[in-house]
1. Within segment 146-153, identify whether any single residue is near the ligand (Cβ under 7 Å from one of its atoms), touching a strand residue (DSSP E or B) at 6+ places or on another chain (Cβ under 8 Å) and assigned by TED's automatic domain parsing to the domain that holds residue 9, and answer yes or no.
2. As an exercise: evaluate residue 47 against (1) assigned to a strand (DSSP E or B); (2) more than 19 Å from residue 154 (Cα to Cα) and give the number of the one condition it does not meet.
3. Take residue 53 and tell me if it is assigned to a loop (DSSP other than H, G, I, E, B), surrounded by 14 or more Cβ atoms within 10 Å (Cβ to Cβ) and either at pLDDT below 95 or within 13 Å of the ligand (Cβ to nearest atom) (or both).
4. Does residue 132 qualify as being within 9 Å of the ligand (Cβ to nearest atom), touching a residue at least 60 places away in the same chain (Cβ under 8 Å) and in contact with a helix residue (DSSP H, G or I) (Cβ under 7 Å, 6 or more places away or on another chain)?
5. In segment 59-74, is there at least one residue being near the ligand (Cβ under 10 Å from one of its atoms) and either in contact with a strand residue (DSSP E or B) (Cβ under 8 Å, 6 or more places away or on another chain) or within 30 Å of residue 222 (Cβ to Cβ) (or both)?
6. May I ask you to verify whether residue 35 is assigned to a loop (DSSP other than H, G, I, E, B), away from the ligand (no atom under 14 Å from the Cβ) and out of contact with any Cys (no Cβ under 6 Å at 6 or more places or on another chain)?
7. For residue 189, only one of the following conditions fails: (1) within 17 Å of the chain's Cα centre (by Cα); (2) at pLDDT 95 or above. What is its number?
8. Since residue 124 meets every condition but one in (1) more than 16 Å from the ligand (Cβ to nearest atom); (2) more than 30 Å from residue 206 (Cα to Cα); (3) under 15 Å from the mean Cα position of the chain (by Cα), which condition does it not meet?
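The values are calculated or read from the model by the stated rules, or taken from the named source; none is laboratory data. Nothing here was measured: the structure is a model prediction, and the numbers come from that model. Ideal geometry is used to build each Cβ from the backbone, glycine not excepted, and the neighbour counts take in all protein chains shown.
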Amino acid sequence: MRFDVFTLLPETLNPYLSASILEKASARGLIEVHLHNIRDYTHDRHHTTDDTPYGGGGGMVMKPEPVFEAVETVLGSPPVCPVILLTPQGRLFDQKIAIELASHPQIALISGRYEGFDERIRQNLVTDEISIGDYVLTGGELPALILIDAVSRLLPGVLGDPTGAVDDSHGLGLLEYPHYTRPTEFRGQRVPEVLLSGDHAKIEAWRREQSLRRTLAKRPDMLEKAELTAADKKILQKIRQEER
Ligand code: SAM
């Protein structure tokens, strides 16, 4: 899968992209991340990418010309793939959106700075707007990395364990069950016996119940949208009764 990131600070993304799983995924040809500096698409002596807002007010606004030119030069006009504006005003990024994006062979991400973008970028260039949370950052570079990371690990071959992304919290609409590793006993606390039993059916059942317990305790809102079996509903009923 190919990611094209349009930003004023491409150098801020490189350290993360060139480490860990994303670097390995790149080296193996599973992902390609192309960083484009919007400033390279300016034509004045000062390489201006921002200007004061019409109507007054504080802060600077990203000019439309270099952003349009950067995107259209790299991706054609109209662009060949989804063009996503990273903005706190976009739809809230979640695992479902990550899965949806992972189905595209290519996506483009536009990272802002300053007060944000000239509205015509939103109106006439982008096909989607995504926010990574209800808070405001200084720029769209961290949101771009978050999105690339979350989408890349869903691609076949990127994770060592192909089932990892399915079991993850949010992958199946529930929070993930607790994990344990060696030692069997640590500071007086033992690993639950069922995990040492070697009985895979029992382990599966325990993990499902733990997922349901955690989700009910920490994120009950997720249960409203999760796909629950009749057995899941029975377990939830039992947990609720225990709590009374
Ligand atoms: N004035 C803008 C507003 O209120 O919508 C916020 C601009 S913010 C200081 C600068 C840039 O950071 C944005 O253009 C966007 O690219 C990025 N950004 C900040 N918070 C973000 C978030 N929660 N999700 C995605 N991008 C964000």
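1. Here is the first cut: in segment 146-153, the residues near the ligand (Cβ under 7 Å from one of its atoms) are none.
Within segment 146-153 (the criterion being near the ligand (Cβ under 7 Å from one of its atoms), touching a strand residue (DSSP E or B) at 6+ places or on another chain (Cβ under 8 Å) and assigned by TED's automatic domain parsing to the domain that holds residue 9), the answer is no, since none of the residues qualifies.
2. It is condition (1) that residue 47 fails.
3. It is true that residue 53 is assigned to a loop (DSSP other than H, G, I, E, B), surrounded by 14 or more Cβ atoms within 10 Å (Cβ to Cβ) and either at pLDDT below 95 or within 13 Å of the ligand (Cβ to nearest atom) (or both).
4. On the way: within 9 Å of the ligand (Cβ to nearest atom): yes; touching a residue at least 60 places away in the same chain (Cβ under 8 Å): no; in contact with a helix residue (DSSP H, G or I) (Cβ under 7 Å, 6 or more places away or on another chain): yes.
It is false that residue 132 is within 9 Å of the ligand (Cβ to nearest atom), touching a residue at least 60 places away in the same chain (Cβ under 8 Å) and in contact with a helix residue (DSSP H, G or I) (Cβ under 7 Å, 6 or more places away or on another chain).
5. Scanning segment 59-74 turns up at least one residue that is near the ligand (Cβ under 10 Å from one of its atoms) and either in contact with a strand residue (DSSP E or B) (Cβ under 8 Å, 6 or more places away or on another chain) or within 30 Å of residue 222 (Cβ to Cβ) (or both).
6. Answer is no for this residue.
7. (1)
8. (3)
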